[in-house]
Structure formats: structure tokens, C-alpha cells
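Some notes on the structure that comes next.
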Amino acid sequence: MKSSPHRPSIELLFKRGLGSAEIARRLQISSSTVRNVVAAIKKRGDASEKRIIRNDGLSLNRMASQLGIARSTVQSIVKNDLKLKSYKLRRGQYLSDKSKAMRLEKCRKLLQHFQVRRVSDVIWTDEKIFTIEPLPNRQNQRQLLSKDDSMSPKRRLAHNRLFPKSVMVWAGITATGKTPLVFIERNVKINSEVYQRLC
């Protein structure tokens, strides 16, 4: 079936909310032509929406490439038709079923503990490793060179160390105050004995 030369105009007016009869009147073409084009647009849109939802893990560029349509069309379908927005994946810690069970058990014990003791009697502690030597950002850190020097020794290198310099810091808080910051020596494993010394 040959595509109608009026298809772009019909699609534009249809997306503006005009009915088939009004589109036919404005473009001075038959109503059957408008209805056929509108039906094809709806069919294509429904198929594209289903494929977009099914492949929502892909980027919009990849979706457009696989569907054989423009990226702007994919954006329009996602935003206007599906009422969705593309988000980056959030970072989070992976928890296995065993880890989840252990955390649940610890939470239950904590709740039982608070039935006989006050929260104000508890010291809440945590430790964190801070990287002293920041990793280079090759995307944002640049160097201005002439084209001839782009491959010369003048071009700086972004070195990544296997074990960058870092320091572990421990701290605790209570209902009424906080502990001073404690810097943990290198290669010291935090266990119950170390915690008791720190507290």
C-alpha cells in the first residue's frame, strides 16, 4: 500500500487533537484517507509503546535505533503518550538472600533490646574509608594542546593506582552527644575488640 503524501500533515494535525473530519476538511482530502492514515499511526504508536516498555533498560538512542524511528519520536512517546521519564539506574548495595535474612534477624534482636533499654543508652557507631588520593576524571579534567602535540610526551597521563591512598575514620553518636573522630591505622580490621577500645 502506497503511503499518502499527506501523511506528515495528517499526523501533525492528529497529534494536535483534531478529528478525522476536521483534518479532511482542512487538507481538502477524503475522510477515508485520513481514517486510514490515523489508524496506521495508532497501530504504529501502540507497537512502539509496547516495544519501548519491554526494552526500558535501553537508552533512548538505542531504542530509536532498534525501532527505526527518530530519537525525538521516542522521546515524544515516552513523555507525552506513556507519561514516563528516563532515569539513570540508582546505585545500591547488593544483598543476597543470606544477607537479607541476617539483617532481619539483627533488626529483631535490636527491637527486643529496646524493649528493656532506652535508645538514649545506645551509642551508634560507624566507620568509613576516605580516599586521600582522588581518582582522575578523564571526562572533566582536560589539557589544552595543539594538534601536533596531541600524541607527544607533553600530553599528561591519568594514572589509576590499584590501591589509592586512603584513611579509615570511626565516629559515634548518642542521644546527648558525639565521640571525637578516630583515625584507624592502616590494615587494622574492625572487630568487637577494636570497637570496645574505641568506645
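Which entries of K100/K178; K100/K165; K88/K147; K165/K189; K15/K85 show an alpha-carbon separation above 24 angstrom in the structure shown? From K100/K178; K100/K165; K88/K147; K165/K189; K15/K85, over 24 Å: K100/K178; K100/K165; K88/K147. Computed 3J(HN,Hα) for region 165-181, one whole-Hz value per residue from the Karplus formula 6.51 cos²θ - 1.76 cosθ + 1.60 where θ = phi - 60°, is 4, 8, 9, 9, 10, 10, 7, x, 9, 10, 5, 10, x, 8, 8, x, 5, glycine and proline marked x. Can you give the net charge of the other residues whose Cβ lies under 12 Å from the Cβ of T131, counting K and R as +1 and D and E as -1? Residues close to T131 contribute a combined charge of +2. What does the charge count around H113 come to, taking other residues whose C-beta lies under 15 Å from its C-beta (Lys +1, Arg +1, Asp -1, Glu -1)? Taking every Cβ under 15 Å from that of H113, the sum is +3.
Note on L104 and A39: with the Förster distance fixed at 45 Å, the Cβ-Cβ geometry gives a FRET efficiency of about 0.25. Take R25: with every protein chain present and a 1.4 Å probe, its accessible area is about 150 Å². Remark: region 104-116, residue by residue, has Karplus-estimated 3J(HN,Hα) of 4, 5, 5, 5, 5, 5, 5, 5, 5, 5, 6, 6, 10 Hz, where x stands for each Gly or Pro and the curve is 6.51 cos²θ - 1.76 cosθ + 1.60 at θ = phi - 60°.
For V34, the shell of other residues with beta-carbons less than 12 Å away shows a net charge of +2, using +1 for Lys and Arg and -1 for Asp and Glu.
The values are calculated or read from the model by the stated rules, or taken from the named source; none is laboratory data. Treat the numbers as computed from the prediction; the structure is a model and nothing was measured. Counting neighbours? That spans all protein chains shown, and the Cβs are built from the backbone with ideal geometry, glycine included. What goes into the accessible areas is simple: the full protein's heavy atoms, side chains included, and nothing from ligands, DNA or RNA. Shrake-Rupley method; radii C 1.70, N 1.55, O 1.52, S 1.80 Å.
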